[in-house]
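Report on the structure given below.
The values are calculated or read from the model by the stated rules, or taken from the named source; none is laboratory data. The structure displayed is predicted, hence computed values, not measured ones. Cβ placement follows ideal geometry from the backbone for every residue including glycine, while neighbour counts extend to all protein chains displayed. Just the protein is used for accessible areas: all its heavy atoms, side chains included, with ligands, DNA and RNA removed. Shrake-Rupley method; radii C 1.70, N 1.55, O 1.52, S 1.80 Å.
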Amino acid sequence: MTNPEYELPATYTVGEVEAGPPCCEPVPHLSIANLSVAYGSTLVLDKVSLDIYQGCITALIGPSGCGKTSFLSALNRLTDLIPGAQVSGRIQFENSELLDPQLDVLALRRRIGMIFQKPNPFPLSIRRNLELPLREHGVRRRKVLEERIETVLRDVGLWDEVRDRLDKPALALSGGQQQRLCIARALVLEPSVLLMDEPCSALDPIASGVVEELIQRLRGRYTVVIVTHNLSQARRIANYAAFFWMQESVGKLIEFGHCQPLFEAPVDPLTLAYVSGLRG
Amino acid sequence: MADRAFTLAIWGAAALVASAFLWLLGDLVWHGMAHLSWSFLVSAPVSAGREGGIAPILVSTLLILAVALAAAIPLGLGAAVWLAEYTRRGDALGQGVRLSLDVLAGVPSIVFGLFGNAFFSVFLGLGFSILSGGLTLACMILPIFIRTSEAGISAVNDAWRHGAHALGMTRAAALWHILLPSAAPAIAAGLMLGIGRATAETAALIFTSGYVDRMPESLSDSGRALAVHIYELSMNVTGGDSAAYASALVLIVLIVAINAGALTLSDRWLARRITLS
Ligand SMILES: Nc1ncnc2c1ncn2[C@@H]1O[C@H](COP(=O)(O)OP(=O)(O)O)[C@@H](O)[C@H]1O
Ligand SMILES: [Mg+2]
């Protein structure tokens with residue numbers, strides 16, 4: 001499915017990188033093999049196999065209901081919390097079997113953060129939003145907490161906007177600021193992978209642009225998997241793209257590869273139809 | 001024209017209700033104040049309550065209430081959390097428990113009194129005591145407290161649950177730091193409904209905490225609650241009317257004070273743990 005000999009086009013490798021290596025490495029960070037997800041007896045995702053590369057941005061595209069959210073939720077085991085959800089297959093992640101029932105899922109979710117479609121800061125102060133997950137993972141020292149909070153707020157470009165009102169409610173922030181706070185809240189745990197489920201779709205175009213730029217800056221330092229319905233956004237930011245589609249009402253991975261060729265010269269006619277806007 | 005008549009009717013109904021209430025309150029204050037004094041609050045009743053005061057009764061009332069709350073709050077919160085977070089929607093066991101609670105919430109208090117007498121006083125051997133009375137009241141306020149709190153917890157935005165889980169927080173942490181504080185107003189409301197009912201309760205207490213009007217020395221002593229005292233004075237004691245009025249006034253003030261206290265506490269707690277915009 002992948003064409004490793006294809007060179008990454010320059011526009012996708014440089015970007016606005018401020019930290020970390022400028023390009024992602026073609027090293028698999030998550031190796032997914034035959035991943036299937038079912039809710040009760042309804043199969044919604046059938047035998048998906050693909051590698052998510054270290055430090056790269058991988059975009060998941062496809063129509064609603066084809067299992068993209070289910071796919072993401074399997075990657076940080078949020079599916080464990082859905083009654084009746086069954087996940088099968090293998091996922092290798094940093095030398096461990098991610099689907100192993102013995103795995104410490106709380107520690108896993110610290111390594112693999114998730115951003116939701118609708119910004120969901122807790123109804124706490126901005127500071128408490130960032131402090132709470134850290135404290136829950138055993139970081140207690142005042143000084144460390146403050147440093148980490150400042151660092152992540154700077155990382156998401158929120159520091160100058162909120163430094164004077166850290167103790168004010170997070171829910172008073174604008175939608176775009178809330179989403180950046182949620183990204184900061186995920187980053188504060190120092191994850192290596194970030195899963196983003198349509199992170200811009202609830203935002204206005206300007207806020208969406210800001211968040212998109214932020215995601216670009218995460219490239220290299222974090223492995224990002226992003227679901228987006230905005231195909232031009234996927235083209236702008238992703239190194240790799242995966243196209244999901246429903247066949248007989250079961251979600252399948254149709255095509256996976258470097259972003260640009262997937263959009264410009266897709267192998268599968270379904271992909272071609274989707275990216276050229278003929279269907280879906 | 002029809003609209004004006006309608007508006008008038010609405011205002012009329014509101015005025016009627018308000019004036020009935022004000023009349024009741026006015027009557028109570030008017031008659032109650034005459035007999036009310038500091039010494040009424042701090043002295044023991046004399047000649048079946050016609051003379052003297054209500055000090056031991058006030059103490060018994062507060063003790064019964066304290067026992068009831070100490071039992072009902074942890075149990076009730078636990079049950080509410082279980083119903084809201086640990087049973088699936090449509091789950092048979094959960095539905096069964098909900099239904100039973102709703103039925104129990106409508107059961108007349110005299111039934112609780114008889115149950116309390118049979119179970120706490122006789123079966124557990126607690127006799128006529130503040131403990132029996134308090135525990136009986138706890139049973140009585142639990143159904144409504146649990147259901148209100150459960151509704152409050154269930155109503156908390158699911159996005160926060162998902163967010164907390166995605167950050168690797170434990171269920172307990174999500175509950176303690178986010179869900180319970182967000183549900184605090186509903187929990188406080190449930191508690192106040194319960195306290196209001198418990199403080200004004202007579203039937204459930206006559207057979208459990210009894211009506212000994214001496215100062216209780218421990219929780220295993222019998223103690224007369226204010227509402228029982230009022231009932232006793234107005235029904236069985238000739239010439240006890242003015243003392244009954246004064247006691248009723250104290251009861252009202254007590255309920256208002258406890259409710260205000262519960263509200264302030266929940267607001268404080270909320271403000272400390274959570275900042276809703
Ligand atoms: N908790 C759930 N229980 C049952 N079915 C679900 C659940 N979540 C999603 N589904 C179903 O799984 C399918 C895939 O959903 P989802 O993963 O959300 O797709 P997408 O994110 O691509 O829109 C849909 O048909 C949806 O109805
Ligand atoms: Mg989705």
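Observations
- Other residues with beta-carbon under 12 Å from the beta-carbon of B:Met140 carry, at +1 per Lys or Arg and -1 per Asp or Glu, a net charge of 0.
- Distant-in-sequence amide H partners of A:Asn76 (H built 1.01 Å from N, under 5 Å): none
- Backbone geometry of region A:45-61 corresponds, through the Karplus equation with coefficients 6.51, -1.76 and 1.60 at θ = phi - 60°, to 3J(HN,Hα) couplings of 9, 10, 6, 8, 10, 6, 9, 9, 8, 4, x, 9, 9, 10, 9, 9, 10 Hz, x marking Gly and Pro.
- Here the relative contact order of region B:17-120, from alpha carbon pairs under 8 Å that lie six or more residues apart, stands at 10 percent.
- DSSP bridge pairs, the protein assembly as shown: antiparallel proportion in percent, nearest 5: 60 percent
- Lysines with Cα under 24 Å of A:Lys252, excluding same-chain neighbours fewer than 8 positions away: A:Lys47, A:Lys68
- From phi via Karplus (6.51, -1.76, 1.60), per-residue ³J(HN,Hα) for region A:264-273 in Hz, x at Gly/Pro: 9, 9, x, 7, 8, x, 5, 4, 4, 4
- Solvent-accessible area per residue for the protein assembly as shown (1.4 angstrom probe, square angstrom): 46 Å²
- Chain A: angle of helix A:126-136 to the longest principal axis, Cα-based, in degrees nearest 10: 70 degrees
- Between the Cα long axis of helix A:205-218 and the first principal axis of chain A there is an angle of about 90°, rounded to the nearest 10.
- Contact order for chain B, expressed relative to its length and based on alpha carbon pairs under 8 Å spaced 6+ residues apart, stands at 26 percent.
- Other residues within the sphere of radius under 15 Å centred on the Cβ of B:Ser247, judged by their own Cβ, net out at -4 (K and R +1, D and E -1).
- Buried solvent-accessible surface, both chains (B, A), 1.4 Å probe, Å² to nearest 100: 2000 Å²
- When the P(r) is computed for region A:4-275, the part past 33 Å accounts for 19% of the Cα-Cα pairs.
- Taking amide hydrogens as placed 1.01 Å from N in the peptide plane, the amide H of A:Ala59 sits under 5 Å from those of A:Ile226, A:Asn239, A:Tyr240, A:Ala241, A:Ala242, each at least 5 positions away in sequence or on another chain.
- Shielding by other protein chains, A:112-118, mean Cβ within 10 Å: 3
- Taken over the alpha carbons of the protein assembly as shown as equal point scatterers, the Debye sum produces base-10 log I(q)/I(0) values at 0.05, 0.09 Å⁻¹ of -0.34, -0.80.
- Projecting the Cα atoms of B:Ser129, B:Gly96, B:Leu114 onto the charge dipole of region B:70-181, computed from C-beta unit charges around the Cα centre, puts B:Gly96 farthest toward the positive end.
- Rounded if a/c under 1.5, otherwise prolate or oblate - chain B, Cα gyration tensor axes: oblate
- Under 13 Å, Cβ to Cβ, from A:Arg141 - net charge with Lys/Arg +1 and Asp/Glu -1: +2
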